[in-house]
1. Please state which one of Val192, Val141 is more than 20 Å from Phe210 (Cα to Cα), surrounded by 14 or more Cβ atoms within 10 Å (Cβ to Cβ) and within 25 Å of the chain's Cα centre (by Cα).
2. If you scan region 307-324, which residues turn out to be surrounded by fewer than 16 Cβ atoms within 10 Å (Cβ to Cβ) and not charged (D, E, K, R)?
3. Using the structure shown, decide if Ser328 is modelled with pLDDT under 95 and in contact with a Ser or Thr (Cβ under 7 Å, 6 or more places away or on another chain).
4. For region 281-293, state whether one or more residues are among the aliphatic types (A, V, I, L, M), under 27 Å from Tyr116 (Cα atoms) and open to solvent by less than 10 Å² (accessible area, probe 1.4 Å).
5. Given region 96-208, what strands (runs of 3 or more DSSP E) lie entirely inside it while holding 3 or more residues that are closer than 17 Å to Ser274 by Cβ, of a type outside the set (Gly, Ala, Ser) and touching a Leu at 6+ places or on another chain (Cβ under 8 Å)?
6. Does region 239-249 include one or more residues that are out of contact with any strand residue (DSSP E or B) (no Cβ under 9 Å at 6 or more places or on another chain) and at positive phi?
7. Has region 177-189 got any residue that is at pLDDT 95 or above, open to solvent by 20 Å² or more (accessible area, probe 1.4 Å) and over 27 Å from Thr146 (Cα atoms)?
8. Return the only residue of Glu421, Glu391 being part of a loop (DSSP other than H, G, I, E, B), of a type in the set (Asp, Glu) and open to solvent by 10 Å² or more (accessible area, probe 1.4 Å).
Amino acid sequence: MNRKDDPAKNYILRKNIFAVLFLIVVFGYAGVNAWHGAGAWAEAVRYNLAVADGITLETAPQTISRTVAGLDESIIASMYGRMEFIETYSYIQVLLDKREFNNFSYIKDEDGYLHYASFFREDTNDMEEYAKRLKRLQDWVEPNGTKVLFFVTPGKYVRGETRFRTGMPINNPDNIVDEMLFYLNRYGVETVDCRKYIPNDSLTVQDAFFKTDHHWTIPAAFAATQVLVEQIEEKFGEDLDPDDYYMNPAQYESVVYHKGMLGSMGRKTGANFSGLEDFEALWPRFENHYDRVCMGVTDQTQHFQGITEESLMDTGVLLEHKDIYSDSQYSLYLNGLRPYERIINEDNPDGCRIFAIRDSYFSPMIVFLAPMCGQIDAIWSLEESHMLDIETYVKENEFDYIIMEIYPYNINEDAFNFFKED
């Protein structure tokens, strides 16, 4: 038999050719990916090395774990053609009429809104201990006359109003919030449960939250600021807006930017699965002047001065041709989230001084609060930078109010990393 006609030889030859071509494609893509992501990887390495400078024996295991996870996330985020792969997969899920994405990482309700999913949640949180830590903070600042307030935002899922297909694993944090509020009330820490106020008759669930993002909308954040100002007056007797000027919706111009919003959830699932949505911004009709110092994720300090639009808002996210996958329009307010903020109101130097322990839900609220305050300092409660420490900051500075704002899904050990000891 002619060797050229030997079926076994031909089979092996085809296998070898496929293997060679496969390896060329794999290593070729790896090379292109390495070249494309080199800058992002180097930046991630520099940041994590900076974080490593603050490692102690006590924090080493946790810091190393987060560093590895951060590097892994940076590599995945900078993968060449990543969004093309995601959008292709996203389109297939739409063709299959699915309501879950990536093995139930996200689920979609019947109105098209994305949510976190959960089959099983390990009970690792200690709400009473978290409440004690906030109580210790309150006891520390009380001699200075500082008032402490815990402000919890509503979650995107609202029982009885949010509709899912049968069998969807809903991640409902209400029990966690209820337990947290119970212990805080027991220990005498003032609280505001924003679930009682948002959504409401004039601000529906659909109006209060984005479809493609876990954040609330800007009108909802403004309504929450109104609630906060009212509660400060009710609980502590101080009227931050005696003329009802800054909390009057008429002092803001509403502008809707059509089909330019793709939130963090939408970037994970792809626009084909989530869709694009409108973004409504509120622009102040008045002019206040601010001096703002903030810290980026690489511990680099930035300085902004000017009226609200120049100092507190990042108008670049509204550009018509901006890459929708790079950032969401929610970042218009205080760049979405910076680990540290110090905002001085140059037009109201004698106004109250607030320190906020917060997450990204509070960013637009800070902008709305700023005209009524003299100074607002803020630290991201989940920040891991060795340059920021909430407990030290509280002990070294004096404020009129300390407000801890938190999104229900962020109630965990990392968010209460302060005053662990009596």
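1. Working: Val141 fails: within 25 Å of the chain's Cα centre (by Cα).
Selected residue: Val192, the only one of Val192, Val141 that is more than 20 Å from Phe210 (Cα to Cα), surrounded by 14 or more Cβ atoms within 10 Å (Cβ to Cβ) and within 25 Å of the chain's Cα centre (by Cα).
2. Start the filter on region 307-324 by keeping residues that are surrounded by fewer than 16 Cβ atoms within 10 Å (Cβ to Cβ), which leaves 307, 309-310, 315-316, 319-323.
Answer for region 307-324, where residues must be surrounded by fewer than 16 Cβ atoms within 10 Å (Cβ to Cβ) and not charged (D, E, K, R): Ile307, Thr315, Gly316, Leu319, His321.
3. Numbers: modelled with pLDDT under 95: yes; in contact with a Ser or Thr (Cβ under 7 Å, 6 or more places away or on another chain): yes.
For Ser328, the condition - modelled with pLDDT under 95 and in contact with a Ser or Thr (Cβ under 7 Å, 6 or more places away or on another chain) - is met.
4. Of the residues in region 281-293, the ones among the aliphatic types (A, V, I, L, M) are 281-282, 293.
Within this subset, residues satisfying the condition of being under 27 Å from Tyr116 (Cα atoms) are 281.
Those left that are additionally open to solvent by less than 10 Å² (accessible area, probe 1.4 Å): 281.
Yes, region 281-293 has at least one match.
5. Numbers: elements: 106-108, 114-116, 147-152, 190-193.
Filter on region 96-208 gives 106-108.
6. Taking region 239-249 as the starting set, the residues that turn out to be out of contact with any strand residue (DSSP E or B) (no Cβ under 9 Å at 6 or more places or on another chain) are 239, 241-245, 247-248.
This time we only want the ones that are at positive phi, so: 244.
Yes: region 239-249 contains one or more residues that are out of contact with any strand residue (DSSP E or B) (no Cβ under 9 Å at 6 or more places or on another chain) and at positive phi.
7. Scanning region 177-189 turns up no residue that is at pLDDT 95 or above, open to solvent by 20 Å² or more (accessible area, probe 1.4 Å) and over 27 Å from Thr146 (Cα atoms).
8. Testing whether each residue is part of a loop (DSSP other than H, G, I, E, B), of a type in the set (Asp, Glu) and open to solvent by 10 Å² or more (accessible area, probe 1.4 Å) leaves just Glu421.
The values are calculated or read from the model by the stated rules, or taken from the named source; none is laboratory data. Only a predicted model underlies this, so the values are computations on that prediction, with no experimental measurement involved. For neighbour counting, all protein chains shown are included, and Cβ atoms are generated from backbone atoms with ideal geometry for every residue, glycine included. Please note that ligands, DNA and RNA were not included when accessible areas were found on the heavy atoms of the full protein model with its side chains. Shrake-Rupley method; radii C 1.70, N 1.55, O 1.52, S 1.80 Å.
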